[in-house]
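Notes follow once the structure below has been shown.
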Amino acid sequence: KEKPQGHDEL
Amino acid sequence: MNIFRFLGDMTHLISILILLLKIYATKSCSGISLKTQELYALVFLARYLDLFTDFISVYNSVMKVVFIASSLAIVWCMRRHRVVRRSYDKELDTFRHYFLVAACLALALLVQEKFTFLEVLWAFSIYLEAVAILPQLVLLQRSGNVDNLTGQYVFFLGAYRAFYILNWIYRYFTETHFSRWISCVSGLVQTALYADFFYYYFISWKNNSKLQLPA
């Protein structure tokens with residue numbers, strides 16, 4: 001799974 | 001999204017709800033550090049600037065709005081609400097939190113994932129969140145006995161980042177390009193700062209006694 005762009009965590 | 005992160009977010013939300021309950025139900029903020037609340041408001045404002053630029057999910061956007069709104073509401077309440085602000089322990093809440101802000105900003109300028117405005121502020125918010133609880137822990141030690149809601153608030157606040165550590169371990173083993181070492185190191189420091197609080201919280205729970213932090 002590609003690392004999502006930006007920060008996907010709160 | 002994995003169960004650890006979801007539990008972490010829910011624990012974080014519960015801690016905020018407990019604080020709102022305490023302030024609303026008792027109309028008092030005794031034992032609560034305004035400086036810690038101001039640092040949290042700064043953490044959320046600096047971290048969630050991408051609220052309007054990066055849409056991740058409805059859940060993500062809604063939670064960001066909830067965290068920003070609740071932290072600002074608590075700071076407003078403690079500063080402006082004519083009844084609540086009278087119970088603020090101004091003379092006990094003397095931690096010089098501006099040093100924390102300056103140190104975290106300096107560190108973020110040196111260490112971040114990419115030297116861009118958003119990334120520097122994101123790293124700043126991660127570092128600041130790790131130390132934001134310090135004024136609150138100092139206030140608890142000075143104010144001696146801790147009321148139940150305040151104790152539970154700090155407990156859930158500490159527990160949420162512990163769930164995030166499990167989330168990072170899980171993502172490390174299940175995702176190829178997962179490298180959140182800035183969050184991980186800061187999260188470990190953040191959770192470690194609660195270690196002694198967790199110890200005294202556990203003791204008070206085991207002995208069914210009042211939570212007492214040694215001065």
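Would you work out if region B:95-215 is rounded, prolate or oblate? Take a ≥ b ≥ c from the square roots of the eigenvalues of the alpha-carbon gyration tensor; rounded if a/c is under 1.5, else prolate when a/b is larger than b/c, oblate otherwise. It comes out oblate by the Cα gyration axes. Restricting the calculation to Cα atoms, region B:165-205 yields a radius of gyration followed by a Dmax of 13.7, 43 Å.
What average count of beta carbons from other chains do you get within 10 Å of the Cβ of residues in B:91-104?
On the way: counts 0, 0, 0, 0, 0, 0, 0, 0, 0, 0, 0, 0, 0, 0.
Across the residues of B:91-104, the mean count of other-chain Cβ atoms within 10 Å is 0.
Here the protein assembly as shown is assigned +1 on the Cβ of each Lys and Arg and -1 on the Cβ of each Asp and Glu. Its dipole about the Cα centre then comes out at about 720 debye.
Among B:Leu105, B:Pro135, B:Val146, flag the residue with its Cα farthest along the positive direction of the charge dipole of region B:88-153, charges on Cβ as +1 for Lys/Arg and -1 for Asp/Glu. The residue sitting most towards the positive pole is B:Leu105.
Only Lys, Arg, Asp and Glu count, each charged at its Cβ (+1, +1, -1, -1), so figure out the dipole size of region B:57-175 about its Cα centre, rounded to 20 debye. Walk me through the intermediate numbers first.
Details: 12 positive and 8 negative charges, 95 e Å.
Result for region B:57-175 is approximately 460 debye, rounded to the nearest 20.
Phi angles across region B:181-193 convert, under the Karplus curve 6.51 cos²θ - 1.76 cosθ + 1.60 with θ = phi - 60°, into 3J(HN,Hα) values of 5, 4, 5, 5, 4, 5, x, 5, 4, 4, 5, 4, 5 Hz, Gly and Pro given as x.
Need one word for chain B: rounded, prolate or oblate. Basis is the Cα gyration tensor (sqrt eigenvalues a ≥ b ≥ c); a/c below 1.5 gives rounded, then a/b vs b/c decides. Prolate, since a/c reaches 1.5 and a/b exceeds b/c.
By the compact-protein rule of thumb, 2.2 N^0.38 Å, the alpha-carbon radius of gyration of the protein assembly as shown corresponds to a ratio of 1.02. A protection proxy built from the mean count of other Cβ atoms within 10 Å ranks the segments B:28-38, B:114-124, most packed first, as B:28-38, B:114-124.
What whole number of Å gives the distance from the Cα centroid of region B:123-156 to the Cα centroid of region B:168-195? What the calculation gives is 21 Å, centre to centre. Taking B:Tyr199, B:Tyr40, B:Tyr153 in turn, the Gaussian network model of chain B (Cα-Cα springs below 10 Å) assigns the largest fluctuation to B:Tyr199. With the simple spin-label model, which puts each label point 7 Å out from Cα in the Cβ direction, the B:Met1 to B:Val62 separation comes to 0.8 nm. Working note: Karplus 6.51/-1.76/1.60 with θ = phi - 60° gives region B:22-30 the couplings 4, 5, 6, 6, 9, 6, 9, 10, 5 Hz, where Gly and Pro are set to x. Net charge dipole, chain B: roughly 660 debye, given to the nearest 20, about the Cα centre with Cβ charges of +1 for Lys and Arg and -1 for Asp and Glu.
Positive-end ranking of B:Thr26, A:His7, B:Ser61 along the dipole of the protein assembly as shown, with charges on Cβ about the Cα centre, is headed by B:Thr26. For region B:113-130, backbone phi angles converted through the Karplus equation (6.51, -1.76, 1.60; θ = phi - 60°) give residue-by-residue couplings of 6, 8, 7, 10, 3, 5, 6, 5, 5, 5, 5, 4, 5, 5, 5, 5, 5, 5 Hz, Gly and Pro being listed as x. According to the square roots a ≥ b ≥ c of the eigenvalues of the Cα gyration tensor, what is the shape class of region B:7-133, taking rounded for a/c under 1.5, prolate for a/b larger than b/c otherwise, and oblate for the remainder? Judged from the Cα gyration tensor, region B:7-133 comes out oblate (a/c at least 1.5, b/c at or above a/b). Picking from B:Leu49, B:Tyr200, B:Cys184, whose Cα lies most toward the positive end of the charge dipole for chain B (charges on Cβ: Lys, Arg +1; Asp, Glu -1)? Value: B:Tyr200.
Since every read-out is calculated from the coordinates, none of them should be taken as a lab result. Only a predicted model underlies this, so the values are computations on that prediction, with no experimental measurement involved. Methodologically, a virtual Cβ is constructed for each residue, glycine included, from the backbone with ideal geometry; neighbour enumeration extends over all protein chains shown.
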